[in-house]
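Presented below is the structure to which this report refers.
The values are calculated or read from the model by the stated rules, or taken from the named source; none is laboratory data. The shown structure was predicted, so the numbers you read here are calculated from the model rather than taken from an experiment. All Cβ positions, even for glycine, are placed from backbone atoms using ideal geometry, and neighbour counts span all protein chains on display.
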Amino acid sequence: MSTIVIPTSTSVTESAVINAPLSTVWHLIKLNSFPEWWSALSKSEVVKGVSEETDVVRWTFVDGTVVDIKQEAHSSIDHYITYSAITSNPAPSYSSVISTIRLYPITSGGSQNSTFVQWTANFSGDADAGVIQDARYKRQEGLADLAKKVAK
């Protein structure tokens, strides 16, 4: 019996308007700061000696999964951070993922002085529909957690 593979998009984009100024939200968008607001993470620690050219942080998720995250790009001018998972225990069912969180100030209208936050993930072609759905849910949960953090 052959396994049926359901074609699926390998990218996820979730977004939210966070009711706080960009400067407040941006302060929390550092790899080592994610556990301060994202309830999926229990801790974060800087990993020494893995990469000389950029930061690597070890995220421990509440479910026990441990992932080493490499910062790929960061801009305090354009307000984004891009990161990839370089190792994971347990190993994921896909080859790779790269994610970006990008912030935009909302400068007029009813949400003036708030922040539009977009969180994307681009997976390798071997990621299945379950992986994509889980990533979507985690980003939705993370954005809700971020909104709660800055509302305090």
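Output the residue which, of all residues in the stretch 25-56 that are surrounded by fewer than 15 Cβ atoms within 10 Å (Cβ to Cβ) and over 23 Å from residue 135 (Cα atoms), is modelled with the lowest pLDDT. Among those that are surrounded by fewer than 15 Cβ atoms within 10 Å (Cβ to Cβ) and over 23 Å from residue 135 (Cα atoms), it is 51. Among the residues of the stretch 112-143, those that are of a type in the set (A, V, I, L, M) and either within 10 Å of the chain's Cα centre (by Cα) or surrounded by 15 or more Cβ atoms within 10 Å (Cβ to Cβ) (or both) comprise 117, 121, 127, 131, 132, 135, 143. A Cβ distance below 7 Å, combined with a sequence gap of six or more or placement on separate chains, defines the contacts here; from the stretch 125-152, residues that are free of Cβ contacts under 8 Å to residues at least 40 places away in the same chain reach residues that are crowded, with 16+ Cβ neighbours inside 10 Å and among the hydroxyl-bearing types (Ser, Thr, Tyr) in the pairs 126/94; 131/94. Among the residues of the stretch 99-111, not one is without any contact (Cβ under 8 Å) to a residue 12 or more places away in the chain and surrounded by 18 or more Cβ atoms within 10 Å (Cβ to Cβ).
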